[in-house]
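The values are calculated or read from the model by the stated rules, or taken from the named source; none is laboratory data. This one's a predicted model, so the numbers in the text were calculated from it and none came from an experiment. As a convention, Cβ positions derive from the backbone with ideal geometry for all residues, glycine included, and neighbour counts pool all protein chains shown.
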Amino acid sequence: MRVKQYTNKWGIDMIKSLFDIEQNEPLASGIYRLVLHGDTSAITAPGQFVNIELEGRFLRRPISVCDLDGQRLTLIYKTIGKGTQQLGIMKPGEKLDLLTGLGNGYNTDHCGQEPLLIGGGVGVPPLYLLAKRLVAAGKKPKVIVGFNSLQEVFLEEKFRDLGIELFLTTADGSYGLKGFVTDAMKLCGRYDYTFACGPEPMLKAVYTVSDVNGQYSFEERMGCGFGACMGCSCKTKYGYKRICKDGPVLEKEEIVW
């Protein structure tokens with residue numbers, strides 16, 4: 001039974017519902033693509049995330065939205081702990097309980113015509129839906145994605161199919177440009193805004209190299225996922241914010257490292 005919860009007491013518009021698993025398959029080393037079917041109406045912006053309930057696990061698992069097509073939702077996740085390992089063995093036809101409509105997502109109204117999208121590792125997936133939305137709006141984004149090695153590369157062809165300029169880096173030089181995303185930033189030419197998602201050291205490096213405004217999506221451990229537990233609070237120039245509710249996307253000018 002689906003339970004809709006609109007604007008709960010913590011100020012979150014979210015929906016709790018069951019999704020059917022259509023696909024759950026490996027993409028790269030330790031990386032899986034999960035395709036679900038269900039009520040996606042609460043997902044309104046690229047960069048938002050869902051919170052997945054797994055049997056026997058006290059806390060839900062937050063995973064960023066990679067793609068959205070009607071009621072079909074695509075998530076890409078890395079099998080790190082017991083929860084994601086449990087998710088990795090689930091089969092098509094099984095159901096998952098999701099909270100959707102979480103997080104603020106990226107605001108595409110703030111960028112110019114030539115934004116640069118920068119992602120590292122499992123920070124790459126939310127940039128795909130963002131790139132689709134930017135292209136549909138008539139903008140000309142460039143994308144930089146960074147991985148440790150060739151074995152971890154994913155979504156390359158999906159980005160190229162959008163007709164955008166893609167720069168791919170690997171830390172060990174086994175594929176693409178050897179180095180980090182910041183090395184590619186120095187080679188990619190002109191851009192007027194940045195969207196970034198990845199581990200905090202990468203975000204800080206992008207922040208330092210970039211001389212334009214932008215939006216940065218942060219990763220934090222989350223308890224509830226909707227602002228109740230305060231466990232993912234971080235300091236900004238405008239006070240403390242909860243990454244799950246007020247983020248995960250922060251504007252460049254408010255970030256405190």
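State whether the residues of segment 52-65 include one that is in contact with a Ser or Thr (Cβ under 6 Å, 6 or more places away or on another chain), part of a strand (DSSP E or B) and either farther than 28 Å from Thr108 by Cβ or at pLDDT 95 or above (or both). Before you say what the answer is, go through the steps one by one.
Let us first name the residues in segment 52-65 that are in contact with a Ser or Thr (Cβ under 6 Å, 6 or more places away or on another chain), namely none.
No, that holds for no residue.
Evaluation of Asn213 against the conditions (1) buried (at least 23 other Cβ atoms within 10 Å of the Cβ); (2) in the same structural domain as Phe195 (by TED's automatic domain parsing); (3) not hydroxyl-bearing (Ser, Thr, Tyr) shows that the sole unmet condition is (1).
The residues of segment 126-143 that are without any contact (Cβ under 8 Å) to a residue 40 or more places away in the chain and either in the same structural domain as Ala45 (by TED's automatic domain parsing) or part of a strand (DSSP E or B) (or both) amount to a single one, Val143. Selection of segment 211-234 for residues being under 15 Å from the mean Cα position of the chain (by Cα) and modelled with pLDDT under 95 yields Phe218, Glu219, Glu220, Arg221, Met222, Gly225. Take Ser210 and decide whether it is touching a residue at least 24 places away in the same chain (Cβ under 8 Å), more than 22 Å from Val65 (Cα to Cα) and of a type in the set (Ser, Thr, Tyr). Taking the combined requirement at face value, the residue satisfies it. The residues in segment 58-103 that are surrounded by 19 or more Cβ atoms within 10 Å (Cβ to Cβ), farther than 24 Å from Leu250 by Cβ and of a type in the set (Val, Ile, Thr) can be counted, and the count is 1. The condition of being crowded, with 21+ Cβ neighbours inside 10 Å, polar (S, T, N, Q), over 25 Å from Glu53 (Cα atoms) and modelled with pLDDT of 95 or more holds for only one of Thr208, Thr182, Thr170, that being Thr170.
So, Asn24, is that one farther than 23 Å from Lys241 by Cβ and either among the polar types (S, T, N, Q) or assigned by TED's automatic domain parsing to the domain that holds Lys142 (or both) or not?
Numbers: farther than 23 Å from Lys241 by Cβ: yes; either among the polar types (S, T, N, Q) or assigned by TED's automatic domain parsing to the domain that holds Lys142 (or both): yes.
The answer is yes for Asn24.
Within this structure, Tyr106 passes the test of being buried (at least 16 other Cβ atoms within 10 Å of the Cβ) and either free of Cβ contacts under 8 Å to residues at least 24 places away in the same chain or in a loop (DSSP other than H, G, I, E, B) (or both). Counting only residues that are closer than 30 Å to Met185 by Cα and either crowded, with 17+ Cβ neighbours inside 10 Å or without any contact (Cβ under 8 Å) to a residue 24 or more places away in the chain (or both), segment 216-231 holds 5 of them.
Quick test for you: out of Gly146, Gly163, Gly119, pick the one residue that is part of a loop (DSSP other than H, G, I, E, B), in contact (Cβ under 8 Å) with a residue 24 or more places away in the chain and outside the structural domain of Glu55 (by TED's automatic domain parsing). Checking each option against the conditions leaves just Gly163. Against the criterion of being in the same structural domain as Val212 (by TED's automatic domain parsing) and without any contact (Cβ under 8 Å) to a residue 60 or more places away in the chain, Gly81 does not qualify.
If you go through segment 232-257 one residue at a time, how many are assigned to a loop (DSSP other than H, G, I, E, B) and surrounded by fewer than 15 Cβ atoms within 10 Å (Cβ to Cβ)?
If we filter segment 232-257 for residues that are assigned to a loop (DSSP other than H, G, I, E, B), which is where we start, we get 232, 237-238, 243-248, 256-257.
Next, only the ones that are surrounded by fewer than 15 Cβ atoms within 10 Å (Cβ to Cβ) stay: 237-238, 256-257.
Matching residues across segment 232-257 total 4.
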